[in-house]
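Taking it in order: structure first as structure tokens, then the write-up.
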Amino acid sequence: MKRNPIFSSLLDEHSSKAKEDAIKKKIQEIEKITKRKLIVYVTNSQLPFAMISRQDAFGFEDILSSIDHQGKGDLLINSPGGEPNAAEKILIMCKSHFKEEFNTIIPDFAKSAATMISIGSDKILMGYSSELGPVDPQIQITPTQNPIPAQAFLSGLDYIRTRIKDKNDPDPLQMYIPILNKIRPEFITICDNSIKHAEDLTEKWLSEGMLKDDKKQAKKVAELLCGGKAYKSHGKVIDYYEAKKLKLKVDLIDKDSKLWKLIWELYCRGVIYLQEVKGVNLFASENLVLTQKFKVEKV
């Protein structure tokens, strides 16, 4: 079935007020279909620092407070991830508000800490373009360097240890001394603790939520998502079918359905709005649209 383009058709709208009103309207239209309240959290993927952080608690408090208390609700989330502890805080806030049922909707991607929020919900609604990702911790060594997977660092040390101890063709210890001299001992502990912390949080929310009837599977999924071994790339695509293999509670929304078209349009409108106002994150409900903006101070 041929479908009309959505994203490109929305670029010609000029008024920010009109964009805000359209976002609210699309939320209301989705709510009429799902019979649940809907809140939105979308990050600006054009900005490398648009990540889940504790600052987001203010935005979530505002949008949760802007709607009537309901037993059932959905969070449309699109984010590359961020701080695990901030993700847990957001999850607690949402589950406290939607006590009867709390689901997540992923139009595009919910990676890393955003995956943690998603699997902590009662059910995940995905489309053919939706993806989760591994929750393996990434460690920032210096402010100017890209983060590295904690498990990759530990595996590197294991590799060196294996090469030195190889009985048939060992490497001389001396060749690794310059590398080992640059490693601070506490960094090893930080990597190890980060992995264990991610596994503990993931297992906790799975065992209390969508896998509460299968604690063994909750532990297995936590190890797979956080260990950095089953999924060797932090950006690995975990689509609906892969999520089903993990026995997560996921529903696939038909890409030709009215619901999916509304979800995708709402997501596109959020992305375009963020780009226009140069916002970092978008928070929205049927009654409120707000953004966090990043300001660079002139020196």
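The numbers here are math on the coordinates, done by the rules we state, and not lab data. Values in this document were obtained by computation on a predicted structure and should not be read as measured data. Ideal geometry is used to build each Cβ from the backbone, glycine not excepted, and the neighbour counts take in all protein chains shown.
Computed values, structure above
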item: About the Cα centre, charge dipole magnitude for the chain (Lys/Arg +1, Asp/Glu -1 at Cβ), debye; result: 300
item: Using a Förster distance of 25 Å, the FRET efficiency for ASP256-GLU29 (Cβ separation, nearest 0.05); result: 0.90
item: Sequence of GLU199, GLU88 once ranked by neighbouring C-beta atoms within 10 Å, starting from the fewest; result: GLU88, GLU199
item: Spin-label pair LYS278/LYS165, simplified geometry with 7 Å Cα→Cβ offset, distance in nm; result: 5.5
item: Nearest-20 debye value, the stretch 136-231 charge dipole, Cβ charges on Lys, Arg, Asp, Glu; result: 140
item: Per-bin percent of Cα-Cα distances, the stretch 136-231 [5 Å]; result: 2, 13, 17, 17, 15, 14, 10, 6, 4, 2, 0
item: Helix-only CD estimate at 222 nm, as mean residue ellipticity for the chain, using -39500 (n - 2.57) per DSSP H run (n ≥ 4); result: -14000 deg cm²/dmol
item: Rounded to 5, the percent of DSSP beta bridges in the chain classed as antiparallel; result: 35
item: Pair ILE183, LYS229: separation of 7 Å Cα→Cβ label points (nm); result: 1.7
item: Quarter of the Cα convex hull surface for the stretch 199-247, i.e. its orientation-mean projected area (nm²); result: 3.2
